[in-house]
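Peer 1: Mind having a look at this structure? Questions to follow.
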Amino acid sequence: MTDAPARFDPLPDPPPASPADPPRFNIVGDVSVDLVLGTLDGWPKIGTEQLLPRSELRAGGSAANSALAARHLGLSPHLIGAIGDDDLAQWLLLQLSGIRVDLQTCSSDTTMSVGLLHTGGERTFFTSCGHLQHLAPEFVLRHLPPAAPGSIALFTAPFLLPGLRERFAALLAQAAARGYQIALDTGWPPEGWTPQVHREVAGWLAHCDHLLVNELETMSIAGDDSLESAVRRVAGLLKPGAHLIVKLGAAGALGHVDGRSTLHVTQAAADVFDTVGAGDSFNTGYLAARLNRAGLSDALAAGCRTASAILPRFPRKRIAAGELAHCLQPQP
């Protein structure tokens, strides 16, 4: 799959942004329903049934997770994505209350992911195709207005959105032309890191101001088993001055810009049952700090604090809007 030359349907010109407008935080990507279940000690025999002690049905997908984390921080994000045309879609909209949403209604069942949490922290996901197959780039551009200086557009999970993926590099270029800093969390390609996927992703990275990936994704993009050299290789694919952010799980995060790396080390949170969306929570904390003009080190710390505050909470839908605003406050 490659990016064809940009040929979007003609759209009316949106009104220009005013320099006095506050920076926008737009999130574009996958919105679905998550059913989280755990904890599973071993894989059950086929044909049997197993009871699990904990569960939560909630809004999910990387884009929704990021938008919900923004709501927890007291921000007012703008979420652009899609939903199906079934009853589950209406339930999903209720879970996103307080968030400005523009969601394309698709003639499809709503996508659902079942996340099984294993003893030791590993996870297994089963995801239906559903409405994520149909989100169109024209819909995204129709709802992505010109931005005031400092605005950020976070794009998530392009591999799960074939309608966007076909013209993803052109979509990123259009968003950048509207004044946004481009942030990207690639996620994992279902077909693996084939030579074609490497060429495709290289075309995306050339538009990025912030690339937010985990350690394994960094090494996979680079085709290198050494994180240190993989960071240098991936950074070389980004536009000049762009920030490569490598999420290291419970160990913290690493930022790399202009040939220099900054490491923020954290301590693992105790008694974390549900790690689904950890990277999405970090993304939001980091980008929210950048919207507040924080430097790299402080933004890495804010991302880690945000993830550490959200992960121990279960069920997460009990987190109130603005309850975690302290995560964005500078620490002594």
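Peer 1: Does Arg199 satisfy being over 19 Å from Asp280 (Cα atoms) and either at pLDDT below 95 or touching a Ser or Thr at 6+ places or on another chain (Cβ under 9 Å) (or both)? Let's see the steps before the verdict.
Peer 2: On the way: over 19 Å from Asp280 (Cα atoms): yes; either at pLDDT below 95 or touching a Ser or Thr at 6+ places or on another chain (Cβ under 9 Å) (or both): yes.
Taking the combined requirement at face value, the residue satisfies it.
Peer 1: Something else now. On the given criteria, is Leu154 closer than 30 Å to Asp274 by Cβ, in contact with a Ser or Thr (Cβ under 9 Å, 6 or more places away or on another chain), assigned to a helix (DSSP H, G or I) and of a type in the set (A, V, I, L, M, F, W, C)? Talk me through it step by step, then tell me what you get.
Peer 2: On the way: closer than 30 Å to Asp274 by Cβ: yes; in contact with a Ser or Thr (Cβ under 9 Å, 6 or more places away or on another chain): yes; assigned to a helix (DSSP H, G or I): no; of a type in the set (A, V, I, L, M, F, W, C): yes.
For Leu154, the condition - closer than 30 Å to Asp274 by Cβ, in contact with a Ser or Thr (Cβ under 9 Å, 6 or more places away or on another chain), assigned to a helix (DSSP H, G or I) and of a type in the set (A, V, I, L, M, F, W, C) - is not met.
Peer 1: Suppose we filter Asp30, Asp21 for residues that are part of a loop (DSSP other than H, G, I, E, B) and either over 25 Å from Pro158 (Cβ atoms) or modelled with pLDDT under 95 (or both); which single one remains?
Peer 2: Numbers: Asp30 fails: either over 25 Å from Pro158 (Cβ atoms) or modelled with pLDDT under 95 (or both).
Being part of a loop (DSSP other than H, G, I, E, B) and either over 25 Å from Pro158 (Cβ atoms) or modelled with pLDDT under 95 (or both) holds for just one of Asp30, Asp21, which is Asp21.
Peer 1: When Gly303 is evaluated against the numbered criteria (1) more than 23 Å from Leu227 (Cα to Cα); (2) touching a Gly at 6+ places or on another chain (Cβ under 7 Å); (3) not aromatic (Phe, Trp, Tyr), which criterion, by number, is the only one it fails?
Peer 2: Among (1) more than 23 Å from Leu227 (Cα to Cα); (2) touching a Gly at 6+ places or on another chain (Cβ under 7 Å); (3) not aromatic (Phe, Trp, Tyr), the lone unmet condition for Gly303 is (1).
Peer 1: Could you tell me whether any residue of region 290-303 is part of a loop (DSSP other than H, G, I, E, B), touching a Pro at 6+ places or on another chain (Cβ under 9 Å) and either touching a residue at least 60 places away in the same chain (Cβ under 8 Å) or among the aromatic types (Phe, Trp, Tyr) (or both)?
Peer 2: no
Peer 1: Another question, then. Is it the case that Glu122 is at pLDDT below 95 and among the acidic types (Asp, Glu)? Reasoning before the result, please.
Peer 2: Values: at pLDDT below 95: yes; among the acidic types (Asp, Glu): yes.
In short, yes.
Peer 1: Further question on the same structure: Suppose we filter Leu211, Leu237 for residues that are crowded, with 22+ Cβ neighbours inside 10 Å and either in contact (Cβ under 8 Å) with a residue 12 or more places away in the chain or touching a Ser or Thr at 6+ places or on another chain (Cβ under 8 Å) (or both); which single one remains? Break it down into steps so the answer makes sense when it comes.
Peer 2: Working: Leu237 fails: crowded, with 22+ Cβ neighbours inside 10 Å.
Being crowded, with 22+ Cβ neighbours inside 10 Å and either in contact (Cβ under 8 Å) with a residue 12 or more places away in the chain or touching a Ser or Thr at 6+ places or on another chain (Cβ under 8 Å) (or both) holds for just one of Leu211, Leu237, which is Leu211.
Peer 1: Same structure, new question: I'm checking my understanding of the structure. Among residues of region 134-149 that are of a type in the set (Gly, Ala, Ser) and under 19 Å from Ala288 (Cα atoms), which one is least open to solvent (accessible area, probe 1.4 Å)?
Peer 2: Taking region 134-149 and keeping what is of a type in the set (Gly, Ala, Ser), we get 136, 147-148.
This time we only want the ones that are under 19 Å from Ala288 (Cα atoms), so: 147-148.
Values: Ala147: 16, Ala148: 1 Å².
Out of the qualifying residues, it is Ala148.
Peer 1: Cβ contacts < 7 Å: first residue surrounded by 21 or more Cβ atoms within 10 Å (Cβ to Cβ), restricted to region 150-165; second residue modelled with pLDDT under 95 and basic (Lys, Arg), any location; separation 6+ or different chain. Result?
Peer 2: Every condition considered, the pairs that remain are Ser151/Arg24.
Peer 1: Related question: Where in region 70-130 are there strands (runs of 3 or more DSSP E), lying wholly inside it, with at least 2 residues that are among the hydrophobic types (A, V, I, L, M, F, W, C) and open to solvent by less than 60 Å² (accessible area, probe 1.4 Å)? Spell out the reasoning first.
Peer 2: Working: elements: 78-83, 100-105, 112-118, 123-127.
Because the criterion is at least 2 residues that are among the hydrophobic types (A, V, I, L, M, F, W, C) and open to solvent by less than 60 Å² (accessible area, probe 1.4 Å), the strands (runs of 3 or more DSSP E) in region 70-130 that meet it are 78-83, 100-105, 112-118.
Peer 1: Which of the residues belonging to region 90-114 are in contact (Cβ under 8 Å) with a residue 12 or more places away in the chain, within 11 Å of Val33 (Cα to Cα) and under 20 Å from the mean Cα position of the chain (by Cα)?
Peer 2: Leu92, Gln95, Thr110, Thr111, Met112, Ser113, Val114
Peer 1: Restricting attention to region 263-276, which residues are modelled with pLDDT under 90, in contact with a helix residue (DSSP H, G or I) (Cβ under 9 Å, 6 or more places away or on another chain) and either farther than 14 Å from Gly252 by Cα or among the β-branched types (Val, Ile, Thr) (or both)?
Peer 2: Taking region 263-276 as the starting set, the residues that turn out to be modelled with pLDDT under 90 are 267-276.
Next, from what is left, pick out any that are in contact with a helix residue (DSSP H, G or I) (Cβ under 9 Å, 6 or more places away or on another chain): 267-269, 272, 274-276.
Passing the criteria: Val272, Asp274, Thr275, Val276.
Peer 1: Let me ask another. Please work out which one of (1) assigned to a loop (DSSP other than H, G, I, E, B); (2) open to solvent by 30 Å² or more (accessible area, probe 1.4 Å); (3) not acidic (Asp, Glu) is the condition Val276 fails and give its number.
Peer 2: Evaluating Val276 over (1) assigned to a loop (DSSP other than H, G, I, E, B); (2) open to solvent by 30 Å² or more (accessible area, probe 1.4 Å); (3) not acidic (Asp, Glu) leaves (2) as the failure.
Peer 1: Give the residues of region 50-69 that are part of a strand (DSSP E or B) and open to solvent by 50 Å² or more (accessible area, probe 1.4 Å), sorted by residue number.
Peer 2: Arg54, Ser55, Leu57
The values are calculated or read from the model by the stated rules, or taken from the named source; none is laboratory data. Not measured: the values here are computed from a predicted model. Cβ atoms come from the backbone with ideal geometry, glycine included; neighbour counts cover every protein chain shown. For the accessible areas, the whole protein counts, side chains as well, though only heavy atoms, and no ligand, DNA or RNA atoms are used. Shrake-Rupley method; radii C 1.70, N 1.55, O 1.52, S 1.80 Å.
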